[in-house]
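A short write-up of the structure that comes next.
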Amino acid sequence: MKKYLLTFLMLMFLGTLAFAQNRTINGVVRDENGSGVSGASVIIKGTTSGISANAAGEFTIQAKTGDVLEISATNFVTSDVRVGAQSDLAVILKRGNNVMEEIVVTALGIRREKRELATATQTINSDEINKSGSGNALSELNGKASGLTVINSAGDPGAGTYIRLRGVTSITGNNQPLMVVDGVPIDNSVNSYDATSATPNVSGPASNQTGGATPTNRGVDLNPSDIESVSLLKGPSATALYGISAASGAIIITTKRGGAGGTHISFNSSLTFDKMSQVPDLQTQYSQGSDGLYAGPTGNSTRRLTWGAAIDTLFWDGNSNIWDPHGDIVGASSPLAKIPVFAYDRYNFFQTGETYNNNIAVSGGNSKSGFRVSLGNLNQTGIIPTSKYDKTTIALNGQSAISDKFSISGGINYIRTTNDKVQQGSNVSSIMLGLLRTPPTFDNSYGLSDPVSNTASYLQPNGHQRDYRGGPGYDNPFWTINRIPFNEEVNRVFGYAQASYQLFDWISFNYRLGGDVYSQNDKNAYDIFSNAFAAGAIHLLNYTNEQYNSDFTINLKKTLSKDFSGSLLLGQNYFTTTSKAHLSHGTGFILPNFLDMRNAT
């Protein structure tokens, strides 16, 4: 009898132990129409253990019989389901009656319902920021908000973008709005030096139009694929919270982050082509010269003009020389006349530009924590040969709720850009000015199929420049792109770390520390026989910028009655910035085509 009783007690104990053990529960969360609820939160009630449903509403969780699963989702009524003997659950969530208010990210990263704000704001979502595939987050804002002026300084790769939000507030100062990413101000400066005018201004919006290369403002370093939303603060609230640096308004950028819904991998890629859309009309009737007489590169001062003999009255002699593969130009009555002269296409200098924009991101998390990491690359070649821009971005951010009251978050971004710029503006090395002034009887490319890489297009055998004036004047565009380079390289890191503590449901404490550090190295050189610097010259700009921002805020928000509520923000801010510029000049090269400071006298 005792033997049977002992066996019975052991079976009961094992059954109870089995009853209390965790087992795998598979389930699916659907709405009232039978569609899966993506990212629904499934938590074992009374614990912090939980999981998020996938895009189809399916989930798998370890639970034991008797546990209560708390299932919730945005815009749905929370449902409690007790785990029984079954291993498969089907849960139906009812939609709630609450109407979601539009949330706006304001200064210091604080989120407010739009109806609570007493100042003008506009929000631009991520699906409107990366439509063109240009890779320039600032140019993507064009036409997206009222009162926002966006000017792209040029169509060249890496060209800057000028933004004005509240009109002109300063006669001589900066009229661009402050840029803030995840609550931390970042730098949007233009750091450059123009050798042709010997001033720190270069051609571009609100600058010297006679300068050389187009400047790049540092706001273009941002990756549009990492941006969740952009809020524009136009009123005085931006100035009140960020000081005089936001006198022209503020652009508040919130980046994407992971969360509930499992792990997601996103990849987007685009390819765009750029072609010259329109150019000034050029005359093709008269040759180089004046008063109806032809004067070539070796002629007298009239070689500068383009009102020579009618082209249909001229012939080439067929004897190739350094100025034209067809030979010298002679009149129709000359016994040397062999090949009828025709007008060269001066615009064959341009090419089709290509832009490859690729971005991959991995994000994930649950109802308590989340992460996102992304890698992006933009590679662009312009319509002007040798011009190119390459930008690589790496972004990592995450957040975690350590407890019901304490949470942390942070993010870091690394950007590296290289940019080969081109000369422009009204100066003797300007590409467009050189093209427009070239007469129709002079071929800058020397008839070559590869004039960019073949030095015969722009170089005489003696090493001098080959141009339509045979010497001083305007640079051959093929000389400019090969012997007057402008290179820019930027390495940049910015990010933040934040901790938040919810003391009560109506009061919270937040501390955020952020920084933005970058170095920019520019090199602009002019080879010997360039018209701007006949003896050659080199200019180096090494620029570094560091800025750090610290915020401590106390946020109070209390609902006193159904019709009355109030909020108060208290805080302290510390901001510091340091910039250094090292400018080096060298002139008088000893050797040609050695564009280095060691070659300067």
(request) Kindly establish whether residue 262 is buried (at least 18 other Cβ atoms within 10 Å of the Cβ), of a type outside the set (A, V, I, L, M, F, W, C), in contact (Cβ under 8 Å) with a residue 60 or more places away in the chain and over 30 Å from residue 177 (Cα atoms). (result) yes
(request) Using the structure shown, decide if residue 576 is at pLDDT 90 or above and over 30 Å from residue 588 (Cα atoms). (result) yes
(request) Taking the residues in region 453-469 that are buried (at least 18 other Cβ atoms within 10 Å of the Cβ) and of a type outside the set (Ser, Thr, Tyr) as candidates, determine which candidate is nearest to residue 276 (Cα to Cα). (result) 467
(message) Return the pair list, or none, for Cβ contacts closer than 6 Å from residues in region 567-578 that are within 17 Å of residue 505 (Cα to Cα) to residues that are surrounded by 10 or more Cβ atoms within 10 Å (Cβ to Cβ) and among the small types (Gly, Ala, Ser), at least 6 apart or on different chains.
(response) none
(message) Looking at region 588-601, I want the residues that are β-branched (Val, Ile, Thr) and have a partner that is part of a loop (DSSP other than H, G, I, E, B) with Cβ atoms under 6 Å, at least 6 apart or on another chain. Which pairs are those?
(response) 601/588
(request) Would you point out the residue of region 399-412, among those that are out of contact with any Ser or Thr (no Cβ under 7 Å at 6 or more places or on another chain) and part of a strand (DSSP E or B), that is surrounded by the most Cβ atoms within 10 Å (Cβ to Cβ)? (result) 409
(message) For region 550-601: of the residues being in a loop (DSSP other than H, G, I, E, B) and touching an Asp or Glu at 6+ places or on another chain (Cβ under 9 Å), which is least open to solvent (accessible area, probe 1.4 Å)?
(response) 595
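Every residue, every condition in (1) surrounded by 10 or more Cβ atoms within 10 Å (Cβ to Cβ); (2) modelled with pLDDT of 80 or more, yes or no:
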{"site": "22", "(1), (2)": "yes, no"}
{"site": "31", "(1), (2)": "yes, yes"}
{"site": "40", "(1), (2)": "yes, yes"}
{"site": "45", "(1), (2)": "yes, yes"}
{"site": "58", "(1), (2)": "yes, yes"}
{"site": "79", "(1), (2)": "yes, yes"}
{"site": "100", "(1), (2)": "no, no"}
(message) If a residue must be surrounded by 14 or more Cβ atoms within 10 Å (Cβ to Cβ) and among the small types (Gly, Ala, Ser), how many such residues does region 265-283 contain?
(response) 1
(message) Taking the condition of being open to solvent by less than 20 Å² (accessible area, probe 1.4 Å) and in a loop (DSSP other than H, G, I, E, B), how many residues in region 506-536 meet it?
(response) 3
(request) Return the only residue of 272, 298 being under 49 Å from the mean Cα position of the chain (by Cα) and either not hydroxyl-bearing (Ser, Thr, Tyr) or not in a strand (DSSP E or B) (or both). (result) 298
(request) Test residue 421 against the stated conditions and say whether it is within 30 Å of residue 472 (Cβ to Cβ) and at pLDDT below 95. (result) yes
(request) Say whether the condition of being open to solvent by less than 10 Å² (accessible area, probe 1.4 Å), of a type outside the set (Asp, Glu), in contact (Cβ under 8 Å) with a residue 60 or more places away in the chain and assigned to a helix (DSSP H, G or I) is met by at least one residue in region 477-497. (result) yes
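So which of 88, 156, 182 is acidic (Asp, Glu) and either surrounded by fewer than 21 Cβ atoms within 10 Å (Cβ to Cβ) or modelled with pLDDT under 80 (or both)? Before you say what the answer is, go through the steps one by one.
Numbers: 156 fails: either surrounded by fewer than 21 Cβ atoms within 10 Å (Cβ to Cβ) or modelled with pLDDT under 80 (or both); 182 fails: either surrounded by fewer than 21 Cβ atoms within 10 Å (Cβ to Cβ) or modelled with pLDDT under 80 (or both).
Testing whether each residue is acidic (Asp, Glu) and either surrounded by fewer than 21 Cβ atoms within 10 Å (Cβ to Cβ) or modelled with pLDDT under 80 (or both) leaves just 88.
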(message) Show the residue pairs meeting these rules: Cβ distance below 7 Å; 6+ apart or different chains; first residue within region 66-78 and acidic (Asp, Glu); second residue assigned to a loop (DSSP other than H, G, I, E, B) and modelled with pLDDT of 85 or more.
(response) 67/83; 70/78
(message) closer than 19 Å to residue 284 by Cβ and surrounded by fewer than 18 Cβ atoms within 10 Å (Cβ to Cβ): is that true of residue 436 in this structure?
(response) yes
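The values are calculated or read from the model by the stated rules, or taken from the named source; none is laboratory data. Note that the coordinates shown come from a computational prediction; the quantities given were computed from them, not determined experimentally. Glycine gets a Cβ as well: all are built from the backbone with ideal geometry, and neighbour counts include every protein chain shown. These area figures cover heavy atoms from the full protein model, side chains too; ligands, DNA and RNA do not enter into them. Shrake-Rupley method; radii C 1.70, N 1.55, O 1.52, S 1.80 Å.
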